[in-house]
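Read through the structure below, which is laid out as structure tokens, and then see the notes.
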Amino acid sequence: MAKTKPGKKDLDSYTIKGTNKVVRAGDCVLMRPSDTDKLPYVARIEKIEADHRNNVKVRVRWYYRPEESIGGRRQFHGVKELFLSDHFDVQSAHTIEGKCTVHSFKNYTKLENVGAEDYFCRFEYKAATGGFTPDRVAVYCKCEMPYNPDDLMVQCEGCKDWLYLAILRP
């Protein structure tokens with residue numbers, strides 16, 4: 001853990017203003033944007049600290065939505081898909097709106113019910129270059145696109161290929 005600057009103290013947790021929800025380092029949170037027409041930003045808390053006036057700040061690592069990335073949203077990106085970026089920042093803890101869960105892609109596809117606070121991540125994103133890790137993922141269907149968990153796929157009993165249901169419709 002990084003050393004705390006003089007006059008600051010590390011905190012184990014923070015209670016989200018106006019709620020009884022507690023967040024800790026490692027938790028994912030929804031952060032209020034300055035433009036109220038935008039969706040909340042999603043971040044992972046790396047560190048929580050208070051200054052000598054007890055102003056609480058959080059060091060966060062941002063998740064990007066596909067449309068916020070250099071390449072933009074693509075057909076295979078799920079509605080709830082996020083990219084874990086290499087973009088770190090320090091924000092006032094008062095901008096935290098709530099907690100959320102960012103699942104691995106594999107765990108997300110196994111969820112019985114996807115809630116409003118459920119997201120998934122299968123890529124890390126380098127904000128400066130627009131690069132992704134991994135830079136390739138498995139492709140499916142005749143369309144040779146990566147799996148989108150929002151679109152229904154079926155397995156052909158003959159060839160065992162997975163196909164998007166939309167491809168099979170006339």
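Over segment 51-115, the alpha carbon radius of gyration divided by the compact-protein estimate 2.2 N^0.38 Å works out to 1.41. For segment 1-120, the solvent-accessible area works out to 61 Å² per residue, with a probe of 1.4 Å and every protein chain left in place.
With the whole protein complex present, K126 retains an accessible surface near 100 Å², based on a 1.4 Å probe.
Measuring only protein heavy atoms, the 1.4 Å probe finds L82 accessible over about 0 Å².
Are there trypsin sites (Lys or Arg not before Pro) in segment 24-57 that DSSP puts in a loop and that have at most 15 other Cβ atoms within 10 Å, and which ones? Of the trypsin sites (Lys or Arg not before Pro), the ones in loops of segment 24-57 whose Cβ has at most 15 other Cβ atoms within 10 Å are K38, R53. Pairs from the table (K17/K99; K21/K80; K38/K126) lying more than 18 angstrom apart at Cα are K21/K80; K38/K126. Shape analysis of segment 14-53 places it in the prolate category; the axes a ≥ b ≥ c from the Cα gyration tensor give an a/c of at least 1.5, with a/b above b/c.
The values are calculated or read from the model by the stated rules, or taken from the named source; none is laboratory data. Computed from a predicted model, the values in this text were never measured in an experiment. All Cβ positions, glycine included, derive from the backbone under ideal geometry; neighbour counts span all protein chains shown. The area values use the complete protein model at the heavy-atom level, side chains included, leaving out ligands, DNA and RNA. Shrake-Rupley method; radii C 1.70, N 1.55, O 1.52, S 1.80 Å.
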